[in-house]
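Participant: Could you have a look at this structure, given as structure tokens, before my questions?
Coordinate-derived values only; no laboratory data. These numbers come from a predicted model, not from an experiment. Because the Cβ atoms are built from the backbone with ideal geometry, glycine has one as well, and the counts that use them run over all protein chains shown.
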Amino acid sequence: MEWSEGFLNSPFISGVAWLEGMSNRFVVIMAGGRGERFWPQSRLTRPKHLLPIVGDSPMLAQTVDRLKGLVPPENVFVITNKEQRDAVLESCPALLPERVIGEPEGRDTAAAVGLAALLVDQEAKDAAFALLPADHVIEDGEGFRSVLTSSFDAAEQDDYLVTIGIKPSFPATGYGYLSQGEELNKVLNRPVSKVDRFVEKPNLSTAEEYLSEGGYFWNAGMFVWRPSVILSAIEKHAPVLSAGLKELQADFTSTGSLLGAMEKVYPKLEKISVDFAVMEKAEGVVMLESDFDWDDVGEWPAIERHYPADGNGNVFKGEGIAVDSKGNLAFSEQGHCITLLGVEDLIVVQSGDATMVCHKDRAQEVKELARKVGEAHPDLT
């Protein structure tokens, strides 16, 4: 079964017409996670990307603002979940409501990618689009837009699946890596290189080897491609998911209701990441090297990189006082003061009706802690 021209050319989103002369590039932001590693600040209806974890505005708002000059505001989609949709619109008033799509149930990134391809294709036939996370920290907006512009060019010139590689600055064990292959060509004087393989999160010694050898880059989860290219790759490498997306297409075509099709079909889509489903298997996967700063701020200790420490290495976001204490991280809301006495290497987070204290060495277990809290006190997650 081929992708239906009727579906891909239909008025999938009402109220926004394609205007001649408008930019033919789009961005789709994935903003559906719960951010459990940032509990208790992050909750289901107020996750990490809707919080000012780093900076003074929500992470998603920073991401949207970073797109100015890259694509018009009306060419920005956000795929979130239905519980967060209203909060997304509240935190980013520049977004068009019809561009904010609420998943009835999270089905991992591959399903979101397929949905994004359909959304973009109906607006502008086979227009290239960037798929971006909602919650990364990038200070160099100009450098970011420059690399994305080159990535758009690469995706438009050939049937590439383009990803952005981040040059590692330390032997990180919390990121996946891209192994850079041969240079294929250049766009806007930037090398376009083959990706030899995707590498799972390594242990410390392996990460140190990658850093020493060179040719390995952090996988930032940022992609650029055309709908026809990514949908064909899904059809080839993830046929179960492809069949589900075509069922979504057929249901919408017959009923004319996006919401109805999403509620009926989307929860049945195969739950798998786009890396596992497609990127690790597909041909034509290429990489452009970034030259901008980047941090995915994946857990509480990461925010220390973005705030000044006192003379004893204590970092406070919010009010705080430390006495005979060192190496601590404290995060509090306005009007609340955290005080520390005689403690080391702790994370202390205050958030309204919940407070968390843990050792830095166990920060990766906060996600599991949040789930256990949710079992006992669902209202706290």
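Participant: Taking neighbour counts of Cβ atoms within 10 Å as a proxy for exposure, in what order, fewest first, do Glu304, Glu283 appear?
Facilitator: Result, fewest neighbours first: Glu283, Glu304.
Participant: Can you work out ³J(HN,Hα) from phi for every residue in the stretch 364-375, in order, using Karplus 6.51 cos²θ - 1.76 cosθ + 1.60 and θ = phi - 60°, giving whole Hz and x for Gly and Pro?
Facilitator: After applying 6.51 cos²θ - 1.76 cosθ + 1.60, I find 5, 8, 4, 4, 5, 4, 4, 5, 5, 4, x, 5 Hz.
Participant: Further question on the same structure: Rounded to the nearest 10 degrees, what's the angle between the helix 204-213 long axis and the longest principal axis of the chain, both from Cα atoms, 0 to 90?
Facilitator: Relative to the chain, helix 204-213 is tipped by roughly 60 degrees.
Participant: What are the radius of gyration and Dmax of the stretch 208-306, computed over its Cα atoms and given in Å?
Facilitator: Just the Cα atoms of the stretch 208-306 yield Rg and Dmax of 18.3, 56 Å.
Participant: If one takes the longest principal axis of the Cα atoms in the chain, at what angle in degrees, from 0 to 90 and to the nearest 10, does the Cα axis of helix 141-157 lie?
Facilitator: Value to nearest ten degrees: 30.
Participant: Ranked by Cβ crowding within 10 angstrom, fewest neighbours first, how are Lys186, Lys246, Lys125 ordered?
Facilitator: If I rank by nearby Cβ atoms, fewest first, I get Lys186, Lys125, Lys246.
Participant: Just rank Arg190, Arg43, fewest to most, by other beta-carbon atoms within 10 angstrom.
Facilitator: Details: Arg190 19, Arg43 24.
Fewest-to-most ranking of Arg190, Arg43: Arg190, Arg43.
Participant: On alpha-carbon atoms, Rg over Rh for the chain using Kirkwood Rh?
Facilitator: 0.98
Participant: Rounded to the nearest 5, what % of the DSSP beta bridges within the chain are antiparallel ones? Can you show the working numbers first?
Facilitator: Details: 28 of 58 bridges.
Around 50 percent of the beta bridges assigned by DSSP in the chain are antiparallel ones.
Participant: While we're here: Grab the other residues whose beta carbon is less than 10 angstrom from that of Leu60, score K and R as +1, D and E as -1, and report the net.
Facilitator: Charge balance near Leu60 sits at -1.
Participant: Using the alpha-carbon centroid of each, what span in Å lies between the stretch 43-69 and the stretch 350-374?
Facilitator: 21 Å
Participant: State the Cα centre-to-centre distance between the stretch 286-324 and the stretch 167-210 in whole Å.
Facilitator: 23 Å
Participant: How tilted is helix 227-237 with respect to the longest principal axis of the chain? Cα atoms for both, answer in degrees (0 to 90, nearest 10).
Facilitator: Tilt of helix 227-237: around 80 degrees.
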